[in-house]
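*Asks:* This is the structure I want to talk about, given as structure tokens.
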Amino acid sequence: MALAPASSGGESVIADVEMNAGADQGAATVRVTVVQASSVFYDTPATLDKAEKLIAEAAGYGSQLVLFPEVFIGGYPHGSTFGLVVGNRTAKGKEDFRKYHAAAIHVPGPEVSRLAALAGKYKVFLVIGVVERAGYTLYNTVLTFDPLGKYLGKHRKLMPTALERVFWGFGDGSTIPVYDTPLGKIGALICWESRMPLLRTAMYAKGVEIYCAPTVDGRTSWQASMTHIALEGGCFVLSAVPFTRRKNYPPPPEYTFGGLEEEPSPESVVCSGGSVIISPSGTVLAGPNYEGEALLTADLDLGEIVRAKFDFDVVGHYSRPEVLSLVVKTDPKPVVSFTSDAEKTFAGKSDDV
């Protein structure tokens, strides 16, 4: 059924959406919204303002969980080369990174506090991609908040893709959370992490039921991956993809797109969307949408999870641990570890014995 727009200004922030109305009302249901929208590049305060409007609109639909795209806060640097060629980095590229670094956020920090307050104000679980700043290294991170306004934790992308490895650091096994909530067990993997079979298996072993997949992959082939994960994991899959045009980035020469014969026009589509919500049976509940910025909302019949697991439980009755097993190292991997003076003293005495 169609949902009427709901925003404080009396005008929908972005397009109307269609919602699945076929859920079994005899089972518990959860209403979720996936946001398909662009960041305001290099302008984190404006992006946070836009996020609030979108959260408010989703809450107006009665949504209990709202998912935003990959690095919505901080933005995805489509087309940027950061002045890189093998063996050299240009002065402009270094300045581009300085500005990108400035738009990133500390976790925790004031922007995290604001996002927590928004989750509490609109009474939603909020899952949102950010560019995290830790010293002078950036991370592609997803943050999760509960309806009480509590920050639950983060996931850092384990393996940035291609040139992303130049400007984002690597996460470790200490930030692969699945949160046990009244809506079900919620977890997130970022973009092509969802193509990593062992990482998916770790999520399944943690019992993920609402699998959030924020990404910037707007290609139609992404839909096959999302459907496969829903079937493989017996879980609901929510994928949020931005819809971005050239005009959503600063104009040249401040921001230029590399690898193209000519500069794109302002209306050129940079990321085409494709956000989608899929059930554990592989049924598409909402999307994919390639038309523009939109909110996609669906009701999730949680009874579908049990029905799907009866057919296939990848870490349960359909597993063979005596043949195939997985070890996940969840301890943090700091570059430098400091021992206390007491430990040093004890170690010195032990050496003398």
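*Asks:* Of the cross-linked pairs K50/K99; K50/K329; K150/K333; K50/K157; K53/K333, which ones have a Cα-Cα span greater than 28 Å in the structure shown?
*Replies:* Among K50/K99; K50/K329; K150/K333; K50/K157; K53/K333, the Cα-Cα distance tops 28 Å for K50/K329; K53/K333.
*Asks:* Using Cα Rg over 2.2 N^0.38 Å as the read-out, say which of (1) 1.00; (2) 0.96; (3) 1.05 was calculated from these coordinates.
*Replies:* (3)
*Asks:* When you count, for each residue, the other Cβ atoms within 10 Å and take the mean per peptide, how do 255-263, 240-248 rank with the highest first?
*Replies:* Ranked from most to least packed, the peptides come out as 240-248, 255-263.
*Asks:* Can you give me the distance in nm between label points at K53 and R98, each placed 7 Å from the Cα along the Cα-to-Cβ direction?
*Replies:* So the label points at K53 and R98 sit 3.1 nm apart.
*Asks:* To continue, here is another question. Which of the three applies to the stretch 152-199, rounded, prolate or oblate, going by the alpha-carbon gyration tensor with a ≥ b ≥ c and a/c under 1.5 meaning rounded? Could you put the intermediate results ahead of the total?
*Replies:* Values: a/c = 2.71, a/b = 1.98, b/c = 1.37.
The shape class here is prolate.
*Asks:* Peptides 178-187, 125-134, 215-224: what's the order by average Cβ count within 10 Å, highest mean first?
*Replies:* The densest-packed peptide leads the list: 125-134, 178-187, 215-224.
*Asks:* Could you point to the residue in P332, T297, I229 farthest towards the positive end of the chain's charge dipole, with +1 and -1 charges on the Cβ of Lys/Arg and Asp/Glu respectively?
*Replies:* In the chain, that residue is P332.
*Asks:* Right, another one. Using a 1.4 angstrom probe with every protein chain in place, what is the largest-first accessible-area order of D331, D301?
*Replies:* I get D331, D301, largest accessible area first.
*Asks:* Might you report the magnitude of the Cβ-based charge dipole of the chain about its Cα centre, with Lys and Arg at +1 and Asp and Glu at -1, to the nearest 20 debye?
*Replies:* 660 debye
*Asks:* How would M203, M196 line up by accessible area, probe 1.4 Å, largest first?
*Replies:* Ranking M203, M196 by accessible area, largest first, yields M196, M203.
The values are calculated or read from the model by the stated rules, or taken from the named source; none is laboratory data. Computed from a predicted structure; not experimentally measured. Please note: Cβ atoms are built from the backbone with ideal geometry, for glycine as well, and neighbour counts cover all protein chains shown. Just the protein is used for accessible areas: all its heavy atoms, side chains included, with ligands, DNA and RNA removed. Shrake-Rupley method; radii C 1.70, N 1.55, O 1.52, S 1.80 Å.
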